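Student: Take a look at this one; I'll ask things after.
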Amino acid sequence: MSDTVHLKQLIDRLEGSRDLSDAEFTELLLCEDSEVTDYLAEKARGVREKIYGKEVYLRGLIEFTNYCKNNCKYCGIRCGNKNAERYRLSKEEILSCCDIGYELGFRTFVLQGGEDPYFNDDRMVDIVSAMRKNHPDCAITLSIGEREKESYQKLFDAGANRYLLRHETADKAHYEYLHPKEMSYDHRMQCLRDLKEIGYQVGCGMMVGSPGQKTEHYIKDLRFMQEFKPEMVGIGPFIPHHDTEYAGEKAGTVEMTLKLLSIIRLILPEVLLPATTALGTIDPTGREKGILAGANVVMPNLSPGNVREKYLLYDNKICTGDEAAECIRCMAQRVSKVGYTVVQSRGDHIKYR
Ligand code: SAH
């Protein structure tokens, strides 16, 4: 049997909800034959269309603080980066982003930031409650890092629905390689379990091509996802930031990111899967390619124009100069060009409707 036929059979098995061995996942992840990767993307699209049709969900991303107490080695807003110009949005500024976003058709707002101690439980509860009151028909997603379970519970009770906390890598040694010793793999994983128990729609995920990452790590990530069953998965290429110790490292590739998006779609058919800004940064049509590989979410930037360049996790980030209205128009066009439609909907996971 030829390699191509064999690899297509592996893809058929994944599509049929059957598992692959580690050796088989490795073959698929290392395969660069475009006949096979096209087939993989086609199967992933088929699965996503059976569940979510041609709809692409929008999330309005509000980057509300770039203060961070952590020092993740890959990240441009790590506390050790003395060159980062720090900012925080006020409650009023955040609420005004939501109002602008609502007018533009967003029905999910994502509050993302560094781990900023200023935004303690009282302040976050106040902000989330106000968002919930002003826009009762919208979903509120938080992406503010590791907190204790009581804190997650308070934010949920205040009206937050979803939480994004990438696990970053499901290999403990690799996690420790990417993070300073104060940070704990076990705590991050505990946070994900806490969030799920509380009732959030939970998103995990990792960077693709991060320093030290090997094929075996991707397999661990996939196995972790199979077991954890997140409602959302965020993946994007690692991109070096000039003020980090990884400044000279290579970025992750479009090809590997697309293969992983498709495999994730096949192992978690119902997952909400964004075509990320990082993917659009390493390739001008990266997000379109992501949608064609099985992604069904896009996250245009809703942050105020004057702070966008300051929320720099990695170099050359796109859309830092555009207004929210331009971003959404551009996104809608990009999506429709590849045959899909952005919709004005909360876009919940199918099990939460
Ligand atoms: N403080 C929050 C939000 C982190 S920023 C938290 O801890 O969850 C969101 C994601 O950006 C991170 O989880 C990480 O996977 C990604 N990221 C950070 N630095 C990056 C880089 N240099 N290249 C690509 N992605 C990066």
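Student: Could you count how many residues in region 46-91 are part of a loop (DSSP other than H, G, I, E, B), exposed (fewer than 14 other Cβ atoms within 10 Å of the Cβ) and touching a residue at least 40 places away in the same chain (Cβ under 8 Å)?
Tutor: Initially, region 46-91 is screened for residues part of a loop (DSSP other than H, G, I, E, B), giving 53-54, 59, 66-87, 89-90.
If we keep only those that are exposed (fewer than 14 other Cβ atoms within 10 Å of the Cβ) too, we end up with 53, 69, 82-83, 85, 90.
Remaining after also requiring touching a residue at least 40 places away in the same chain (Cβ under 8 Å): 69, 83, 85.
Adding up the residues that qualify gives 3.
Student: Of the residues Leu164, Leu222, only one is touching a residue at least 12 places away in the same chain (Cβ under 8 Å) and either closer than 30 Å to Ser34 by Cβ or away from the ligand (no atom under 13 Å from the Cβ) (or both); which?
Tutor: It is Leu222.
Student: Give the residue, chosen from Thr257, Thr215, that is of a type outside the set (Lys, Arg), in contact (Cβ under 8 Å) with a residue 40 or more places away in the chain and within 15 Å of the ligand (Cβ to nearest atom). Reasoning before the result, please.
Tutor: Values: Thr215 fails: within 15 Å of the ligand (Cβ to nearest atom).
Of Thr257, Thr215, the one residue that is of a type outside the set (Lys, Arg), in contact (Cβ under 8 Å) with a residue 40 or more places away in the chain and within 15 Å of the ligand (Cβ to nearest atom) is Thr257.
Student: Farther than 30 Å from Ser336 by Cβ, at pLDDT 95 or above, in a helix (DSSP H, G or I) and of a type in the set (Asp, Glu): does that describe Glu24?
Tutor: Details: farther than 30 Å from Ser336 by Cβ: yes; at pLDDT 95 or above: yes; in a helix (DSSP H, G or I): yes; of a type in the set (Asp, Glu): yes.
When the stated conditions are applied, Glu24 passes them.
Student: Give me the residue from region 193-216 that is touching a strand residue (DSSP E or B) at 6+ places or on another chain (Cβ under 8 Å) and in a helix (DSSP H, G or I) and, out of that set, nearest to Glu150 (Cα to Cα).
Tutor: Restricting to residues being touching a strand residue (DSSP E or B) at 6+ places or on another chain (Cβ under 8 Å) and in a helix (DSSP H, G or I), the top hit is Leu195.
Student: Within region 317-331, track down each residue that is of a type outside the set (Val, Ile, Thr) and under 19 Å from the mean Cα position of the chain (by Cα).
Tutor: Residues of region 317-331 that are of a type outside the set (Val, Ile, Thr), as a first pass: 317, 319, 321-327, 329-331.
Result: Lys317, Cys319, Cys327, Met331.
Student: Follow-up question, since we're still on this one. Quick check on this structure: which one of Glu32, Glu42 is among the charged types (D, E, K, R) and assigned to a loop (DSSP other than H, G, I, E, B)? Before the answer, list the steps.
Tutor: Details: Glu42 fails: assigned to a loop (DSSP other than H, G, I, E, B).
Going through Glu32, Glu42 in turn, just one is among the charged types (D, E, K, R) and assigned to a loop (DSSP other than H, G, I, E, B): Glu32.
Student: What's the number of the only condition in (1) within 16 Å of the ligand (Cβ to nearest atom); (2) in a helix (DSSP H, G or I) that Glu249 fails to meet?
Tutor: For Glu249, the exception is condition (2).
The values are calculated or read from the model by the stated rules, or taken from the named source; none is laboratory data. Worth saying up front: this structure is predicted, and the values here are computed from it rather than measured. Note that each Cβ is placed from the backbone with ideal geometry, even for glycine, and that neighbours are counted across all protein chains shown.
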